[in-house]
Amino acid sequence: MAKMNIIQAVNDALHLAMKSDDNVVVLGEDVGKFGGVFRATVGLQAEFGEDRVIDTPLAEAGIIGAAIGMALYGVKAVAEIQFSDFIFPAYDQIVNELAKYRYRSGGEYPCPMVIRTPVGGGIRGGHYHSQSPESLFVHHAGLVVVAPSNPYDAKGLLLAAIDSPDPVMVLEPKRIYRGPDHGKNWGSHPKGEVPEAHFTVPIGKAAIARELTGEGTPVTIITYGAMVHTCGKAAEEAAKEGIDVELVDLRSLQPYDLDAIVASASKTGRVVIANEAPRMCGYAAEMSAVVTEHCFDWLEAPVTRVTGYDTPFPYTLEFAYLPDTGRVLKALRDVATYA
Amino acid sequence: MSDNLGTTAPHVSVEPVSVMAPDGTVLDQDFVDTIPEADLVALYEAMLAQRVYDDRMIKMQRQGRLGFYLACTGEEACSYGPAYALQAQDWFYPAYREPGIALWRGMPFQAWIDNMVGNCDDPVKGRQMPVHWTARAQNIVSISSPVGTQIPQCVGSAYAAKLRGDDAVSICFFGEGTSSEGDFHVGLNFAGVWKAPAIFFCRNNGYAISTPYEKTTAAKHIALRAHGYGIRGVVVDGNDILAVIKVVREAAEWGRAGHGATLIEAKTYRIAAHSTSDDPTSYRTREEEAHWGERCPLKRLRAYLETKGLWDEAREQACITASSERVISALGVAEGKPHPDLDTVFDDVFAERPAHLQAQYSELKAHLASGQSAYKPK
């Protein structure tokens with residue numbers, strides 16, 4: 001085991017994948033010589049050459065379009081979109097082409113490739129370096145979407161994505177790239193321990209980030225990405241008030257782990273769903289419907305969402321906008337005391 | 001080899017390459033001599049057959065037997081020419097007006113017709129409109145309706161082939177209207193930087209549905225765009241199939257030699273309507289259509305073959321009759337086949353059907369079994 005933060009885990013996964021398979025190619029803006037603006041691809045070009053670690057022109061539609069062509073031909077492309085806020089020039093390529101290739105070709109042309117892109121706020125990035133666009137991609141049938149919350153899952157999910165026969169988007173929680181929370185790095189976190197060898201985290205399987213202790217009113221939190229840590233902190237606070245949280249870290253958004261969701265929600269009967277993205281048609285809305293459809297008979301309180309507001313992402317007031325521990329805690333109290 | 005292959009510096013030439021004048025007069029005998037006479041006859045027969053298929057398909061669409069059709073009438077040379085010029089290992093990214101690449105490269109005719117009907121043997125399993133086929137065995141990538149998306153993809157395939165050391169080029173097709181899309185510019189730029197062995201084949205047929213060339217661009221030629229991206233640019237008479245073969249061969253040689261990409265602008269004319277949903281009488285003149293009718297790609301090749309004693313009216317009529325019977329018979333067969341299985345709605349979304357799609361499949365089956373569905377199986 002080695003100590004890694006998320007960036008190091010991503011970098012390690014890419015190194016392993018490129019070393020074990022000549023067919024893996026990394027491409028994106030500034031990923032080569034510079035190693036990426038977040039340093040996720042540092043050292044790759046020096047080791048594997050300019051032909052396999054490609055500094056592309058600054059055009060997202062070209063990065064994804066070309067990666068699709070490589071995938072169709074049989075080369076495994078791992079494309080980086082520097083910030084998910086800049087992914088939209090490639091939206092047509094992703095939703096009309098990448099997502100549909102296998103289906104529209106009657107299964108003749110699968111398009112297995114990977115898109116890595118940092119998501120979420122909390123880095124003082126304003127609305128063009130902070131958005132969480134996951135619901136726009138899970139909506140389009142044909143894309144696998146995963147969202148790791150820690151170094152272990154970041155490496156295991158990325159390696160699983162590279163092995164996958166389907167196109168996979170890996171949404172990396174950029175504000176916790178180097179530590180799980182402000183002022184804290186991954187050094188002391190159990191999920192900062194990452195095996196050095198190749199391993200995969202199964203796509204479609206959630207993790208229980210905090211189990212019920214049996215003391216207090218049980219409540220389920222369903223979340224993913226950086227919000228796992230916000231919610232974890234809220235769960236610790238809530239425990240002092242007699243609220244016992246089971247924290248479900250979805251890890252995969254499409255497909256999602258229905259069994260884990262139903263198991264937890266039907267056990268606790270009280271459910272809070274948290275995501276950073278705006279509320280309107282956000283991922284939490286789908287989870288809310290899923291819980292209601294599958295667990296209605298067990299519910300003791302209305303399914304409650306904690307989300308970003310339905311505004312563009314603000315700059316100066318980002319920490320007012322972002323769902324914080326206090327908002328999660330309030331939701332926990334509301335559902336725990338609902339009668 | 002034209003002069004502009006004498007140097008590795010990409011060159012843009014807007015003087016249209018011609019091998020045969022509209023009346024069939026040979027302008028470049030040396031090039032004609034590179035193509036066996038039997039192939040010239042086969043190419044003519046194929047283009048004539050295509051014209052018959054297109055004519056019959058449009059009629060059958062009018063009769064309500066097809067939902068939709070897109071003919072390539074007037075532009076046959078722009079798909080049969082490149083199909084002839086390239087090799088088995090090369091990759092093709094069609095737009096939607098290039099049936100010639102499928103049929104010349106050996107896509108089974110019945111499969112092509114099955115796609116028009118969307119039946120159980122349609123290669124795309126009835127999931128797309130007619131004219132959106134796929135042909136994996138021929139390295140022809142499946143077709144989508146959004147225009148231009150195939151251009152950067154073609155560059156990706158070209159790059160992948162180069163990375164692997166394969167001797168394959170990738171060609172994509174699009175109309176001049178598509179040259180306004182971002183993907184066109186992005187694709188050409190990537191190809192230039194990567195020296196990708198790609199061929200960008202622009203069918204400049206004068207119209208983007210109803211929008212004429214002068215409302216698409218202020219540039220005199222689409223091929224001029226090549227200069228800005230550091231790739232070769234060539235203009236060709238797109239109604240001269242031999243000239244098309246010539247420029248595509250040169251572009252492929254240029255790519256295989258490691259020099260990179262070529263933008264080919266084929267000046268042609270969409271004698272057909274854009275699709276069966278279009279009526280060109282409302283936006284262009286009969287005189288213009290007649291002018292281009294004289295420059296038809298079939299006419300000139302036929303004239304040449306006749307002077308050589310390789311073709312005559314009897315063969316013409318025999319080919320028309322045989323092609324007509326072939327397409328009508330195949331359509332009858334296609335119409336007799338059942339719809340794709342219900343599974344095909346949920347398969348191929350992912351490599352394996354995930355639990356949520358299995359659940360939705362069960363939901364749909366139960367709905368159909370209830371007799372309350374608007375869908376009537378065939």
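The residues on offer are B:Trp104, B:Trp91, and the sole one that is surrounded by fewer than 24 Cβ atoms within 10 Å (Cβ to Cβ) and at pLDDT 95 or above is B:Trp104.
Taken as a whole, the structure places B:Ala198 among residues that are more than 24 Å from B:Pro22 (Cα to Cα), open to solvent by less than 30 Å² (accessible area, probe 1.4 Å), touching a Cys at 6+ places or on another chain (Cβ under 9 Å) and among the small types (Gly, Ala, Ser). When B:Ala161, B:Ala77, B:Ala135 are checked against the criterion of being farther than 14 Å from A:Tyr101 by Cβ, within 7 Å of chain A (Cβ to nearest Cβ) and touching a Pro at 6+ places or on another chain (Cβ under 8 Å), a single residue qualifies: B:Ala161. Within segment A:145-164, one or more residues are within 14 Å of another protein chain (Cβ to nearest Cβ), over 25 Å from A:Gly125 (Cα atoms) and open to solvent by less than 10 Å² (accessible area, probe 1.4 Å).
Quick check: is even one residue across segment B:232-251 of a type in the set (A, V, I, L, M, F, W, C), farther than 24 Å from B:Tyr304 by Cα and open to solvent by 10 Å² or more (accessible area, probe 1.4 Å)? Looking for residues that are of a type in the set (A, V, I, L, M, F, W, C), farther than 24 Å from B:Tyr304 by Cα and open to solvent by 10 Å² or more (accessible area, probe 1.4 Å), one finds none in segment B:232-251, hence no.
If you filter segment B:164-174 down to residues that are open to solvent by less than 10 Å² (accessible area, probe 1.4 Å) and more than 9 Å from chain A (Cβ to nearest Cβ), you find that the one that is farthest from the chain's Cα centre (by Cα) is B:Val169.
Of all the numbered requirements in (1) free of Cβ contacts under 8 Å to residues at least 40 places away in the same chain; (2) within 14 Å of chain B (Cβ to nearest Cβ); (3) open to solvent by 20 Å² or more (accessible area, probe 1.4 Å), A:Pro202 misses one, and that requirement is (1). Pick from B:Gly206, B:Gly177, B:Gly126, B:Gly233: which is away from chain A (no Cβ under 13 Å) and at positive phi? The conditions single out B:Gly206.
The values are calculated or read from the model by the stated rules, or taken from the named source; none is laboratory data. Everything numeric here is computed off the predicted structure, so don't read it as measured data. Every residue, glycine among them, receives a Cβ derived from its backbone with ideal geometry; neighbour counts consider all protein chains shown. These area figures cover heavy atoms from the full protein model, side chains too; ligands, DNA and RNA do not enter into them. Shrake-Rupley method; radii C 1.70, N 1.55, O 1.52, S 1.80 Å.
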